[in-house]
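The values are calculated or read from the model by the stated rules, or taken from the named source; none is laboratory data. As the structure is a computational prediction, the values presented were derived from the model and not from experiment. Using ideal geometry, Cβ is built from the backbone for each residue, glycine included, and neighbour counts are taken over all protein chains shown.
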Amino acid sequence: MTMERVNHDGVLIVGAGLAGLSAALAAAPRKALVLTGAPLSQGCSSAWAQGGMAAALSVEDAPALHAADTVAAGAGLVDPAVAAILAQEGPGAVRGLAELGAPFDRTPDGEFATSLEAAHSRSRVARVKGDQAGRAIMDAVIATALSSRHIKVRAGCRLRGLLRDAKGAVRGVLAEENGQLVEFVAPATILATGGIGGLYAVTTTPPELKGEGLALAALAGATIADPEFVQFHPTAIDIGRDPAPLATEALRGEGAKLIDGQGEAFMARYHPDAELAPRDVVARAIHAERQAGHGAFLDARAAVGAHFPDEFPAVFAACLSGGVDPRTQPIPVAPACHYHMGGIVTDADGATTLPGLYAAGECASTGVHGANRLASNSLLEAAVFGARAGRAAAQAADPGTRPERCQPAPDLPAKALAQLRLGMTRDAGVVRDAAGLSRLIGEIDALERTYGKAPPLVAARLVAQAALDRPASLGAHFRSDGVQDAAPKRTFVTLREPACQAA
């Protein structure tokens, strides 16, 4: 391939989900160049989010209560200071998105209509038409970004590596655009590359999200935190589609019940909060019922019924596409990879452990999610910390150093990726044990010997090895062979892999 170099005097952002575009908007008046593989609103989890954004928007709520719920859900690993920032800045972030045109549901007196979701002590989730929040928010943010003179978007750019100078500082990225390798050099680079759902055979996220930003940052020497903590949404719609459509948690907030194949409700046997138990508990309960041959279904006939087309149009359409009418039939459900709590370690302003590199959104680890993300905190984190990263990166001065030549990361062929996805779901899924994780690592070893350190393999290894190294169950990480750990600590991993060579 030929090589082109683009020198950008501003903030370089990889990823155009809510975190990436929030960073671009907040970088003003500094120029922002956004690189995205897929067209805007495609290939990002933000546009697929259904439940909404959690924030203390009502007089019955307060940021301190939201922060406390966030800390409690994280099973002892949440950084309370970061949770306080998220909760304090949350209401302003939601109102700011509404001002951009996001059509949040409103009460008759004009206030935000909020709903209750699992592990929240208050009704605080701002929604759009039941399950349309992600798409509606992204539509508003994209329209604003495209009309902002300081933002330029280049679609069709696939991240292939990080550019570093002789001292290891990040100076930009190597991307592939229309079959050509392009070096994008900038004073500051923000990775907003999303999660790892595409590493799993059953996922609710776009399959393009295979942890490549996470992996490339790790290979460049950035510290990675908590990769073992993968959240599995309990109620993916089990109709044989890849990725699996999502039955939003808001349905359970409205009163939908989980039942087995005989029509018996089962969640009360697993947790006193039943359907509103923390996600990891609900996911394991559904997994157990399915493994036992009982089946698992979400029954919203009484809770929603005839109102499905208007109140939850995305769920309704997905069910119908699989031959299920949720107005009259229970919805078959299964746990699916939904969100990665781990990621590239950042401070509260998005700075990673590598000079010149920032991260935001699901690929980052701010410390706000701990071992188990609180429902509907993901869009909020993307907006709050994406903006903080954009403002911080806009202040970065050009170090004037020369980036070294970077070799593109090897590709992983489709057949090998399919094998990896099956292995991850089997051995690093809802329930894990040492034997399965060791088997998975052995498969990754074999794939690396054949294909090299392809980013999906690097990301998968981070998850599997950290899961093996944490023998105790905690939050979303459940070991069937688990031991007790009275004082759990966060996982921090730093690889030492040369990724660049002198030009």
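What about Thr144, is it surrounded by fewer than 19 Cβ atoms within 10 Å (Cβ to Cβ), more than 30 Å from Ala256 (Cβ to Cβ), modelled with pLDDT of 95 or more and of a type in the set (Ser, Thr, Tyr)?
Yes.
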Exercise. Do we have Arg158 as out of contact with any helix residue (DSSP H, G or I) (no Cβ under 9 Å at 6 or more places or on another chain), at pLDDT 95 or above and not assigned by TED's automatic domain parsing to the domain that holds Val304 here?
Worked result: no
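Would you point out the residue of the range 84-121, among those that are among the acidic types (Asp, Glu) and over 15 Å from Leu18 (Cβ atoms), that is nearest to the chain's Cα centre (by Cα)?
Glu117
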Exercise. If you go through the range 335-345 one residue at a time, do you hit one that is farther than 21 Å from Ser115 by Cβ, part of a strand (DSSP E or B), touching a Cys at 6+ places or on another chain (Cβ under 9 Å) and not β-branched (Val, Ile, Thr)?
Worked result: yes
Problem set entry | Filter result (surrounded by 14 or more Cβ atoms within 10 Å (Cβ to Cβ) and more than 26 Å from the chain's Cα centre (by Cα)) within the range 285-303 | Glu289, His294, Gly295, Asp299, Ala300, Arg301, Ala303
Seminar exercise, completed: Sole miss for Thr204 among (1) surrounded by fewer than 24 Cβ atoms within 10 Å (Cβ to Cβ); (2) at pLDDT below 95 is condition (1)
Exercise. Out of all the residues in the range 405-433, which are touching a Lys or Arg at 6+ places or on another chain (Cβ under 6 Å) and under 24 Å from Arg158 (Cβ atoms)?
Worked result: Pro408, Ala409
For this session: Check whether at least one residue in the range 168-186 is assigned to a loop (DSSP other than H, G, I, E, B), modelled with pLDDT of 95 or more and not small (Gly, Ala, Ser), and report yes or no.
Result: no
Problem set entry | Residues of the range 288-315 that turn out to be within 21 Å of Asp260 (Cα to Cα) and at pLDDT 95 or above, as a count | 17
Exercise. Given Ala348, Ala306, Ala314, which one is touching a residue at least 40 places away in the same chain (Cβ under 8 Å), in a helix (DSSP H, G or I) and either surrounded by fewer than 24 Cβ atoms within 10 Å (Cβ to Cβ) or outside the structural domain of Leu159 (by TED's automatic domain parsing) (or both)?
Worked result: Ala314
Exercise. Within the range 405-422, can one find any residue that is closer than 21 Å to Val185 by Cα, out of contact with any Asp or Glu (no Cβ under 6 Å at 6 or more places or on another chain) and not in a loop (DSSP other than H, G, I, E, B)?
Worked result: yes
For this session: Scan Gly37, Gly52, Gly43 and give me the residue that is in contact with a helix residue (DSSP H, G or I) (Cβ under 8 Å, 6 or more places away or on another chain) and in contact (Cβ under 8 Å) with a residue 40 or more places away in the chain.
Result: Gly52
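Yes/no per residue for (1) in a loop (DSSP other than H, G, I, E, B); (2) outside the structural domain of Ser365 (by TED's automatic domain parsing); (3) in contact with a His (Cβ under 7 Å, 6 or more places away or on another chain):
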position	(1), (2), (3)
Asp9	yes, no, no
Ala24	no, no, no
Val34	no, no, no
Pro39	yes, no, no
Leu57	yes, no, no
Ala87	no, no, yes
Exercise. What single numbered condition from (1) in contact with a helix residue (DSSP H, G or I) (Cβ under 9 Å, 6 or more places away or on another chain); (2) within 21 Å of Gly74 (Cα to Cα); (3) at pLDDT 95 or above fails to hold for Gly475?
Worked result: (3)
For this session: Kindly indicate whether any position in the range 259-277 is in contact with a His (Cβ under 6 Å, 6 or more places away or on another chain) and charged (D, E, K, R).
Result: yes
Exercise. For the range 2-14, does any single residue satisfy the condition of being out of contact with any Asp or Glu (no Cβ under 9 Å at 6 or more places or on another chain) and closer than 28 Å to Val125 by Cα?
Worked result: no
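For (1) in contact (Cβ under 8 Å) with a residue 40 or more places away in the chain; (2) farther than 25 Å from Gly390 by Cβ; (3) part of a loop (DSSP other than H, G, I, E, B), each residue gets a yes or a no:
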| position | (1), (2), (3) |
| --- | --- |
| Glu117 | yes, yes, yes |
| His120 | yes, yes, yes |
| Ser123 | yes, yes, yes |
| Val128 | yes, no, yes |
| Asp131 | yes, yes, yes |
| Arg135 | yes, no, no |
| Met138 | yes, no, no |
| Ser148 | yes, no, yes |
For this session: Report the residue count in the range 378-404 for those that are within 18 Å of Thr346 (Cβ to Cβ), outside any helix (DSSP H, G or I) and touching a strand residue (DSSP E or B) at 6+ places or on another chain (Cβ under 8 Å).
Result: 1
Exercise. Restricting to the range 215-250, what's the tally of residues that are within 28 Å of Gly356 (Cα to Cα) and in a strand (DSSP E or B)?
Worked result: 4
Problem set entry | Residue match in the range 472-491 (condition: closer than 23 Å to Leu219 by Cβ, basic (Lys, Arg) and surrounded by 20 or more Cβ atoms within 10 Å (Cβ to Cβ)) | no
For this session: Scan the range 62-74 and report the pairs whose first residue is hydroxyl-bearing (Ser, Thr, Tyr) and whose second residue is modelled with pLDDT under 95 and not in a helix (DSSP H, G or I), with Cβ atoms within less than 7 Å and a gap of 6+ or a chain change.
Result: Thr70/Leu374
